[in-house]
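Structure first, then comments.
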């Protein structure tokens, strides 16, 4: 076997099978598997709350989505990697590696990739301003749409009263939410055996808890209020795992959802219109290779579009 020095020298000389002569991994230039879906072309895509490193992450569905699209700019709007969970125990299957590979391939092939660090990957916030593998790491971003609107792009945890005022409660809630997602998998396995349709226990309980607690402040109003106070035309965020497009006064609030429960993304088309893509609803909960999502396709709404002016 080669020692570390030999391996390093081989990589520098471009003779290592996994690396090119410019120290770029060779897999970045490998052709993609032949797709079963025609690629959609977008100006911009926003995704958040992937939670790589957790069992609830629908990594296969995200890879399927990313293989099906092309865009000029990809925003990763926080909580892409779940550092909170990884600190407690390592969980990182091949599908989670493939998400990272897919994002790096997009950056290598000309897509501008901007990573807005969230609270679950807050360990990256210390490195804001740096670029890794073509991925720009920032605390927040400003996006200008093709029709001339300026949007604030932020993960949104700074406006969540639970995280802002009681971080210990947020950690407790995260642990309880993880247990609820595991219970949801068992619960629906039993329902399948009984020939009953999918029903999201976790979504139901989360909605009930939110209705009871209502947080310390109204999250959506707080995020929209920040955008208004700073003179933006709209705001794009994630964090609460609820994809939505709403009007608040003169600005538009966009939430791109998550890749744990709903598998949603926010997209800007080539005319500057923004819509929510529900990937489970569009694919029936299966990838092009036939791999099912963790959460089967249930009663999902069609893609939500911007409210009329």
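No lab work stands behind these numbers, since they all come straight from the coordinates. Remember, it's a predicted structure, so these values are computed and weren't measured experimentally.
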Could you tell me whether segment 23-118 comes out rounded, prolate or oblate from its Cα gyration tensor? Rule is a ≥ b ≥ c as square roots of the eigenvalues, rounded for a/c under 1.5, then prolate if a/b exceeds b/c, otherwise oblate.
-> prolate
Give the distance, in whole Å, between the Cα centre of segment 101-151 and the Cα centre of segment 238-270.
-> 17 Å
